[in-house]
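Quick notes on the structure that follows.
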Amino acid sequence: MGGLSAVKMESVSDQIRAIVLKQLSALLPEPVPISDQTNIVRDLGLDSLAVMDFVMAIEDDLDISVPLDRIAEVETVGDLIRTLDELKAQG
Amino acid sequence: MSILAKFAPLRDAYEKLKSVGYDPFSIKFDAILSPTEGVVNGRRTILLGTNNYLGLTYDPTCIRKSVEAVEAQGTGTTGSRIANGSYDGHKRLESELARYFGRRHCMVFSTGYQANLGILSTLAGREDHLIIDADSHASIYDGCRLGHAEVVRFRHNDPDDLYKRMRRLADKPGEKLIVVEGIYSMLGDSAPLAEIAAVKRETGAYLLVDEAHSLGVLGENGRGLAEAAGVEADVDFVVGTFSKSLGSVGGFCVADIDGFDMLRVACRPYMFTASLPPSVIASTIQALHQMESRPGLRTRLRNNAKRLHGGLGALGFQVGPEVSPIVSVALPDRETAIMFWNRLLNAGLYLNLALPPATPNNHSLLRSSVSAAHSTAQIDFALDLFAAIGREFGLIPGAGADALPQAATA
Ligand SMILES: Cc1ncc(COP(=O)(O)O)c(C=O)c1O
């Protein structure tokens with residue numbers, strides 16, 4: 001059982017990662033290397049409004065709502081993926 | 001490193017803004033002459049950015065009531081209503097507002113900002129949910145941050161997106177409070193309130209409408225968007241301000257819900273700040289009476305709004321989607337907006353410069369707010385000025401630079 005759910009978890013994670021990367025690259029004027037450590041505001045130069053809009057697009061893709069306090073905690077791409085993972089798991 | 005070092009990027013942006021000419025964040029009026037005229041740098045200037053929708057700031061009856069109150073009751077209350085007690089005027093204003101809105105309860109706050117801060121943070125508690133329009137005013141965002149509820153935004157004026165988010169919350173415990181505005185302050189558009197009320201009913205949520213810019217503007221009796229849309233029964237809480245149509249300062253919330261008065265001993269932005277002074281209360285009560293008894297003010301306001309919105313659109317400027325007293329022109333970029341705004345001011349027209357991130361969709365806006373007190377000549381002066389500068393900047397079609405029009409007087 002544990003093994004099965006671990007596999008499932010990973011595939012959800014991968015799906016979330018793919019969505020985040022897709023929405024981020026749609027936003028950036030030119031391709032930039034992005035890792036989990038990439039700081040969304042500092043490294044990608046997105047202002048808080050752009051971050052909000054980008055999160056809304058992801059919310060649509062994943063059919064979840066990300067509460068504002070959870071968005072405020074996010075600094076890096078890795079933070080965002082973890083937050084989305086948790087929210088998606090809660091359903 | 002100074003404690004202010006974190007503001008270095010903001011300082012740079014601000015310095016750049018100021019380098020073009022006037023500082024839009026600290027314009028000083030040498031004198032205010034009327035609801036629609038002032039003096040800036042020694043020049044008579046038409047005021048087209050004051051939110052003074054009904055022009056009541058100089059209403060002689062409001063001024064008289066205010067003077068009588070300050071003479072009889074002094075300049076200030078010097079304390080909060082919880083600690084120092086209420087004056088008769090506070091109670092009277094609250095019952096007049098409740099009567100006007102046809103509701104049983106009203107709480108008056110010292111500003112509209114504090115009304116949102118207090119009501120949102122207190123109504124929605126730890127387990128509850130606030131669902132707010134993404135383009136909400138700063139006071140709504142700040143009210144959300146002050147409280148402990150979970151906050152979710154929905155796409156601006158999009159009832160389907162709201163519905164989706166309500167559906168996701170369906171199984172979660174706690175009350176849900178939807179928050180929208182009657183007229184949005186940057187573009188002058190209104191919430192699709194009938195559709196939002198339908199979502200509210202279907203999902204069993206509460207609905208709050210901030211009628212800051214729509215009080216005295218929309219609806220047969222000026223009660224705002226809820227009245228205009230015919231859904232007052234679905235709106236559980238109305239928040240508003242005295243600082244626009246009522247020409248003073250302060251805020252309020254009216255409701256019909258049982259037990260509303262408990263908020264008076266739970267709501268910190270109500271409890272821990274000084275109450276409004278008697279002069280403000282007195283002019284506000286009188287302004288409410290004027291607003292009720294002179295529907296012609298609303299007609300004049302609407303005609304002025306139509307003239308400015310229609311005129312700017314006809315010139316080829318990009319204006320908001322609806323005719324409203326807030327008429328915003330979107331310019332292609334920040335620099336153009338700043339230069340245009342400076343030229344307008346130099347020629348004797350004051351309005352608001354609104355720049356990202358304070359604006360929706362990163363628009364750079366020249367934001368006008370029309371008043372019932374504007375004369376047709378003043379509106380036309382603004383239109384002529386926009387035409388001349390717009391052509392000179394190559395923003396609208398038409399022949400080269402016209403001579404700048406001379407300031408109209410009321
Ligand atoms: C939508 C909205 N709500 C609340 C406020 C706050 O009102 P006040 O100026 O009375 O604090 C404003 C305006 O400033 C507003 O535009």
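A short reminder: the numbers here are calculations on the coordinates, not readings from a lab. Quick caveat: nothing in here was measured; it's all calculated off a predicted structure. All Cβ positions, even for glycine, are placed from backbone atoms using ideal geometry, and neighbour counts span all protein chains on display.
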field: DSSP loop GluC sites (Glu not before Pro) with at most 12 other Cβ within 10 Å: longest gap in chain B
entry: B:221-410
field: 0 to 90° range, to nearest 10: angle between helix B:8-19 axis and chain B longest Cα axis
entry: 40 degrees
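How high is the relative contact order of the range A:2-90, in percent, with contacts defined as C-alpha pairs under 8 Å that are six or more residues apart?
36 percent
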message: Distances longer than 21 Å among the Cα atoms of the range B:198-291: what percent of all pairs is that?
response: 41 percent
message: I need to check one value: relative contact order of chain B, counting alpha carbon pairs closer than 8 Å and at least 6 residues apart, in percent.
response: 21 percent
message: Could you tell me the extents of the range B:1-82's C-alpha atoms along the three principal axes, largest first, rounded to whole Å?
response: 52, 41, 22
statement: The long-range amide H neighbours of B:Gly251, using H built 1.01 Å from N in the peptide plane and a cut-off of under 5 Å, are B:Phe109, B:Ser110, B:Thr111, B:Gly112, B:Phe242
message: With the crude spin-label approximation of a point 7 Å out along Cα→Cβ, what separation in nm comes out for B:Ala170 versus B:Asn221?
response: 3.7 nm
query: Could you give the angle, 0 to 90 degrees to the nearest 10, between helix B:60-73's Cα long axis and the longest principal axis of the Cα atoms of chain B?
result: 50 degrees
message: Under the rule a/c < 1.5 gives rounded, and otherwise a/b versus b/c splits prolate from oblate, where does the range B:1-139 land using the Cα gyration tensor?
response: oblate
query: Which distance in nm do the two modelled labels at B:Ile32 and A:Asp53 give, with both placed 7 Å along the Cα-to-Cβ direction?
result: 3.6 nm
- line: If unit charges are put on Cβ atoms (+1 for Lys and Arg, -1 for Asp and Glu) and the dipole of chain B is taken about its Cα centre, the option from B:Val180, B:Ile196, B:Thr78 lying farthest towards the positive end turns out to be B:Thr78
field: Point-charge dipole on Cβ atoms (K/R +1, D/E -1) for the range B:59-293, about Cα centre, debye to 20
entry: 540 debye
query: In terms of the Cα gyration tensor, with a ≥ b ≥ c the square roots of its eigenvalues, is the range B:11-50 rounded because a/c is under 1.5, prolate because a/b exceeds b/c, or oblate?
result: prolate
message: Can you compute the radius of gyration and Dmax for chain B, using only the Cα atoms, both in Å?
response: 21.8, 65
- line: Filtered hits (lysines, Cα-Cα < 25 Å from B:Lys172, offset >= 8 within chain) -> A:Lys8, A:Lys88, B:Lys164, B:Lys200
statement: Taking a crude spin-label model, label points 7 Å out from Cα along the C-beta direction, the A:Ile71 to A:Ala89 distance in nm is 2.4 nm
- line: Asserting the computed 222 nm helical MRE of chain B (DSSP H runs at least 4 long, -39500 (n - 2.57) per run, divided by residue count, to nearest 500) equals -12000 deg cm²/dmol
message: Tell me which DSSP H helices of chain A clear both cut-offs, 27 Å or more of axial length from alpha-carbon atoms and a mean Kyte-Doolittle hydropathy of at least -1.0.
response: A:2-27
Anisotropy class of the protein assembly as shown from Cα gyration tensor, a/c 1.5 cut: oblate
- prompt: If r is the Cβ-Cβ distance from B:Arg201 to B:Arg11 and R0 is 60 Å, what FRET efficiency results, to the nearest 0.05?
  reply: 0.80
